[in-house]
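To keep things clear, I will list the structure first and then write my remarks on it.
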Amino acid sequence: MKIAFVGKGGSGKTTLSSLFVRHLAATGSPVIAVDADINQHLGTALGLDEAEAAALPAMGAHLPLIKEYLRGTNPRIASAETMIKTTPPGEGSRLLRVREDNPVYDACARPVRLDDDEIRLMATGPFTETDLGVACYHSKVGAVELCLNHLVDGSDEYVVVDMTAGSDSFASGMFTRFDMTFLVAEPTRKGVSVYRQYKEYARDFGVALRVVGNKVQGQDDVDFLREEVGDDLLVTVGQSDWVRAMEKGRPARFELLESDNRAALRTLHRAAADAYAHRDWERYTRQMVHFHLKNAESWGNAKTGADLAAQVDPAFVLGEGIGAVQPA
């Protein structure tokens, strides 16, 4: 199951995504956490110190390896150089699964211990001074999108992505890659403005969107959010001494998180499970192809010198019933 956390900068989406990852790990579920934000903070929110977080391999730096592995023996893809972030899988492509070991995870994922449990953490890599004026952050996030396009996941395994802030996620088709999108909103006009943008953009793509009210201090805040987002408001979260200690680098065991906040995380978990029941692999594949063709026409063909529309395998539908991953 693929889950995204979005929201404006400072809304608390990274904190809430890290809490949800901890919650899932505590249930025994296999989890891959992905930091796809321009400001890379998910590692430290999961307990890494600054040096450990800085040492995480950048997915963007391993893009050639990712492309070559995922290409497999797909006859429609002449070379890894002709793959772009939206390239869809087809017959012969290698697929990724949450529980397996493969060269992509070997290069880009690192284990993170959370109390008695362990997850895998992946990160796009930070936007550095050398990128200023010459690179677009969306090119770095492209490695995440390509991996999501080739990922086959089930109902009892999770990929949780901390997305870039604001509405930047709509610069590609990645916003359609998720079974559930949790939008973290503060009870302010600015806090709900991103919700309105996301709701409008996602309307035509069947994106499952629920709002998590954060930094809520009383009933007036709850009423404000309900007036602004209606039934999309799933749950609200208030201040947390546990989170404050975590942000100081001194987290207690997760089981000591306040009971009301643990209940909120269970509500998120149930909402994600309910959304999975509506997963439509044909629509998922169709949307993947839609955005690939748009990117091919607008810039991909010119950049690669290839007809990227020819990469689409019209008979291929991604799904859990597809056979095992080909060996490397």
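The values are calculated or read from the model by the stated rules, or taken from the named source; none is laboratory data. Since this is a predicted model, take the numbers as computed values, not measurements. With ideal geometry, Cβ positions are generated from the backbone for all residues, glycine too; neighbour counts draw on all protein chains shown. These accessible areas exclude ligands, DNA and RNA; they are computed on the full protein's heavy atoms, side chains included. Shrake-Rupley method; radii C 1.70, N 1.55, O 1.52, S 1.80 Å.
Some observations on this one:
- Kirkwood Rh (inverse of mean 1/r, distinct Cα pairs), the stretch 154-264, angstrom: 15.5 Å
- A cut-off of 5 Å between modelled amide H atoms, ignoring neighbours fewer than 5 places along the same chain, links L95 with Q326.
- H41 - accessible surface, heavy atoms, 1.4 Å probe, Å² rounded to 10: 100 Å²
- Nearest 10 degrees, 0 to 90: helix 137-149 Cα axis against the chain principal axis: 80 degrees
- D_trans [Stokes-Einstein, Kirkwood Rh over alpha-carbon pairs] for the stretch 173-223, 4 °C, 1.567 mPa s, µm² s⁻¹: 110 µm²/s
- Listed residues L209, T304, F178: farthest to the positive end of the dipole of the chain (Cβ charges): T304
- Karplus-derived 3J(HN,Hα) values for the stretch 244-252, using 6.51 cos²θ - 1.76 cosθ + 1.60 with θ = phi - 60°, are 4, 5, 4, 5, 8, x, 10, x, 7 Hz; glycine and proline are entered as x.
- Label separation (A107 vs S240): 3.4 nm, computed from points 7 Å beyond Cα along the C-beta direction.
- Normalised by 2.2 N^0.38 Å, where N is the number of residues, the alpha-carbon radius of gyration of the stretch 1-131 equals 1.13.
- K199 accessible area, assembled protein chains, probe 1.4 Å, Å²: 70 Å²
- Sorted largest first by accessible area at a 1.4 angstrom probe radius, with every protein chain in place, the residues R196, R283 fall in the order R196, R283.
- Zone residues, the stretch 34-56, relative to S193, backbone N less than 18 Å from point 7 Å out along Cα-to-Cβ: none
- Surface accessible to a 1.4 Å probe, I322 within the full protein complex, Å²: 50 Å²
- Under-5 Å amide H pairs with V184, H placed in peptide plane, nonlocal only: V6, G7, V212
- Computed about its Cα centre, the charge dipole of the chain is approximately 380 debye, with only Lys, Arg, Asp and Glu carrying charge at their Cβ.
- Relative intensity, log₁₀ I(q)/I(0), of the stretch 238-285 from a Debye sum that treats every alpha carbon as a point, q = 0.16, 0.31 Å⁻¹: -0.59, -1.09
- The Kirkwood radius of the chain, taken over pairs of alpha-carbon atoms, gives through the Stokes-Einstein law at 37 °C and 0.692 mPa s a diffusion coefficient of 162 µm² s⁻¹.
- In the stretch 175-327, the ratio of gyration radius to Kirkwood radius, Rg to Rh, stands at 1.09 when only Cα atoms are counted.
- Orientation-averaged projection of the stretch 1-40 equals 2.9 nm² [convex hull of Cα atoms, one quarter of hull surface area].
- Kirkwood hydrodynamic radius of the stretch 238-328, from inverse mean 1/r over distinct Cα pairs, in Å: 17.9 Å
- Estimated FRET transfer efficiency when R0 is 35 angstrom, pair A277-E100 (beta carbons, to 0.05): 0.90
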